[in-house]
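Structure first, commentary second.
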Amino acid sequence: MPGTFKTEAVVLRSIRYGEADRVLHLYSADRGRVGAVAKGVRRVKSRLGGRLEPLARVNLVLHQGRGELCTISAVDTVHAHAAIREHRRSLEHAGQACDAVLRLFDSTEPNTAAYNLLCNKLALLHAEPEKAAPARMLAFRMKLLLAAGFAPELASCAACGEGEGLGAFSPAQGGVVCASCEAGSFPLDAEGHAFMVGALANPLVAAPDAPPRALAQADRAIAETLEHHAHVRLRRVA
């Protein structure tokens, strides 16, 4: 509906447009995914300045016209997350977090859990950029699956409900499977299984760690679950 509104959002992506503008992909607290144009933002004297860089958490005033894109008329920084850019891996993981939200949540319906999770992830990367690690990134993706409604079944066989002998994962079935139902699955050993359970049970700051083999299995389980059920493909975590 046309009109002016305010919202808090994270800048997921910024694309050059025309001579001085930028088109922004935003994820907002109360409006879900928002597309907007920041007019003249690339000019030296722009009052919007550098406050609309990717990863920034901002308060915005926007105007919704008849087109698909809103126009940004004012912006205040909530958190720029500047320290993230001081470490290559923290910057890479922050970009992956924003990209996952961009690909998985394309609706204008708000998802408070997803928004708060993204803000939490960026704040942790800013506070401890040197601690960016694959385990923490995978824990974020596990929680993002939960927020999107695609969390895998981990307590019992996703096909038959059996609670024992859960040594494999089936993306098609949507979780761990027993030996009788393992057709089309791949191995998920005890450490990989435990990591996935712990990633959902613990806050991001206390995300569990695991050996490389277990993390690789969890990464594959998350990636193939998203591909099969959400038709979203994400880069593997490194």
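Please treat every number below as a calculation from the coordinates, not as lab data. None of these values were measured; they are calculated from a predicted model. Neighbour counts are summed over all protein chains in view; Cβ atoms, including those assigned to glycine, are modelled from backbone coordinates with ideal geometry.
Students often get this wrong: which residues of region 117-149 have the backbone nitrogen under 13 Å from the point 7 angstrom along Cα-to-C-beta of Asp209? Correct set: 131-136. The listed peptides 39-49, 223-233, 88-98, ordered by packing as a protection proxy, come out as 88-98, 223-233, 39-49 (highest mean of other Cβ atoms within 10 Å first). For Asn111, the amide hydrogen comes within under 5 Å of the amide hydrogens of Gly32, counting only partners 5 or more places away or on other chains and with H modelled in the peptide plane.
Applying 0.36 nm per residue to the separation of Val78 and Val61 and subtracting their alpha-carbon distance, the gain on full extension is 4.8 nm. The number of Lys pairs in the chain with C-alpha atoms less than 20 Å apart, excluding pairs fewer than 8 positions apart on the same chain, is 4. Take the Cβ-Cβ distance between Arg42 and Lys131 as r, set R0 to 41 Å, and report the resulting FRET efficiency rounded to the nearest 0.05. It comes to 0.75. For the chain, the convex hull drawn through the C-alpha positions has a volume of 123 cubic angstrom per residue. The Ser107 and Val197 beta-carbon pair, evaluated with R₀ = 30 Å, returns a calculated FRET efficiency of approximately 0.55. Considering only Cα atoms, the convex hull volume of region 98-179 works out to 116 Å³ per residue. With Cα atoms defining each centre, region 180-232 and region 86-117 are spaced 19 Å apart in the structure. Look at the dipole of the chain built from charges on Cβ: of Ser46, Pro171, Ala83, the Cα furthest out on the positive end belongs to Ser46. Where does region 3-82 land on the Kirkwood hydrodynamic radius, alpha-carbon pairs, in angstrom? Taking the inverse mean of 1/r over all distinct Cα pairs, region 3-82 comes out at 12.3 Å. In terms of overall dimensions, region 133-230 has a Cα radius of gyration and Dmax of 12.2, 37 angstrom. If only the Cβ of Lys and Arg carry +1 and only the Cβ of Asp and Glu carry -1, the dipole of the chain around its Cα centre is close to 1420 debye.
Remark: region 228-238, residue by residue, has Karplus-estimated 3J(HN,Hα) of 6, 9, 10, 6, 10, 10, 10, 5, 5, 6, 10 Hz, where x stands for each Gly or Pro and the curve is 6.51 cos²θ - 1.76 cosθ + 1.60 at θ = phi - 60°. The stretch between Arg16 and Arg236, if pulled fully straight at 0.36 nm per residue, gains 76.5 nm over its current Cα-Cα span. Restricting to DSSP H runs of at least four residues, report the calculated mean residue ellipticity at 222 nm for the chain, -39500 (n - 2.57) per run over all residues, nearest 500 deg cm²/dmol. Theoretical 222 nm ellipticity from helices: -10000 deg cm²/dmol.
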